[in-house]
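The values are calculated or read from the model by the stated rules, or taken from the named source; none is laboratory data. All of these numbers come straight from a predicted model, not from anything done at the bench. Don't worry about glycine lacking a Cβ; one is built from the backbone with ideal geometry, like all the others, and counts go over all protein chains shown. Heads up: the accessible areas ignore ligands, DNA and RNA and are worked out on the full protein's heavy atoms, side chains in. Shrake-Rupley method; radii C 1.70, N 1.55, O 1.52, S 1.80 Å.
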Amino acid sequence: MAKVLLLNGSPHPNGCTATALQEMISVFEAEGIKTELIQVGSKNIRGCIACGSCGKTGKCVFDDLVNEVAPKLEASDGLVVGSPVYYASPNGTILSFMDRLFYSTHFSKHMKVGAAIVSARRGGNTATFDVLNKYFSISGMPIATGTYWNQVHGFTAEDVRKDLEGLQTMRNLARNMSFMIRAIADAKEKYGLPKVERGAFTSFPDGK
Ligand SMILES: Cc1cc2nc3c(=O)[nH]c(=O)nc-3n(C[C@H](O)[C@H](O)[C@H](O)COP(=O)(O)O)c2cc1C
């Protein structure tokens, strides 16, 4: 059974971002896709210190929720990351979490389907959305899309329940994501995964 992992970057387990994520979960359930929602935003998650320890061990030196979620991501076919907009960016906790999760894990994320969703009272949604999508686009993860940029509006969960277009976007996004997960599983059987080259790692013109 296909599985989607969902991360709530908000400190509010029942707030605006959670309401949007729940709308997606109800579609995944109807589509026969297993889900697991992880509450990230209320945890004490520090940022990456670039110590390089994960380069040797394949896990983060800070043994917290990041290392707990890593095997769950490895076992998932799709990842949804949700964040409230803080000063026109994802909130600090989810950024620290995503930096450490993506940097410390060495398993392939290739062809796992990614989707970012954001919740704002008023503005900064698309800038936040762009930042979150970049974790997927550097990792060979196809990005699922909906019928608008994936955003809801509100200050409270009640506001979001009134954002009918936002919720519709979440449902369409979850349906598209379910389709992509199934299509990729079929294509893997038929064609195998595309080859990935990794030899080159250049930052300067002389390659050193
Ligand atoms: C520190 C902070 C910064 C915020 N910055 C913005 C912002 O730039 N734009 C905006 O529309 N809302 C902003 N908000 C409001 C929340 O992003 C918004 O209400 C969101 O929907 C809350 O989602 P949640 O209930 O999932 O936490 C901010 C809230 C906080 C606490």
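For the stretch 16-66, the set of residues classified as assigned to a helix (DSSP H, G or I), farther than 22 Å from residue 159 by Cα, β-branched (Val, Ile, Thr) and touching a helix residue (DSSP H, G or I) at 6+ places or on another chain (Cβ under 7 Å) consists of 66 only.
Considering 186, 159, the condition of being surrounded by 15 or more Cβ atoms within 10 Å (Cβ to Cβ) and over 11 Å from the mean Cα position of the chain (by Cα) is satisfied by 159 alone.
Could we say that residue 2 is within 16 Å of the ligand (Cβ to nearest atom), aliphatic (A, V, I, L, M) and either over 24 Å from residue 175 (Cβ atoms) or within 17 Å of the chain's Cα centre (by Cα) (or both) here? Spelling it out, it is not the case that residue 2 is within 16 Å of the ligand (Cβ to nearest atom), aliphatic (A, V, I, L, M) and either over 24 Å from residue 175 (Cβ atoms) or within 17 Å of the chain's Cα centre (by Cα) (or both). Taken over the stretch 105-141, the criterion of being closer than 20 Å to residue 167 by Cβ, open to solvent by 30 Å² or more (accessible area, probe 1.4 Å) and assigned to a helix (DSSP H, G or I) is satisfied by 126 alone.
Results for (1) open to solvent by 60 Å² or more (accessible area, probe 1.4 Å); (2) more than 15 Å from the chain's Cα centre (by Cα); (3) of a type outside the set (Asp, Glu), shown as yes or no for each residue.
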| position | (1), (2), (3) |
| --- | --- |
| 30 | yes, yes, yes |
| 49 | yes, yes, yes |
| 60 | no, yes, yes |
| 63 | yes, yes, no |
| 68 | yes, yes, no |
| 97 | no, no, yes |
| 103 | yes, no, yes |
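Restricting the first member to the stretch 57-85 and to residues that are free of Cβ contacts under 8 Å to residues at least 24 places away in the same chain, and the second to residues that are within 16 Å of the ligand (Cβ to nearest atom), the beta-carbon pairs closer than 9 Å and six or more apart or on different chains are 64/43; 64/45; 68/38. Looking only at residues in the stretch 112-127 that are near the ligand (Cβ under 9 Å from one of its atoms) and among the basic types (Lys, Arg), the one that is farthest from residue 156 (Cα to Cα) is 122. The set of residues from the stretch 154-169 being in contact (Cβ under 8 Å) with a residue 60 or more places away in the chain, closer than 20 Å to residue 80 by Cβ and not basic (Lys, Arg) comprises 154, 157, 160, 166, 167.
Residues that are part of a loop (DSSP other than H, G, I, E, B) and touching a Cys at 6+ places or on another chain (Cβ under 8 Å) within the stretch 154-201 comprise 154, 155, 156, listed in sequence order.
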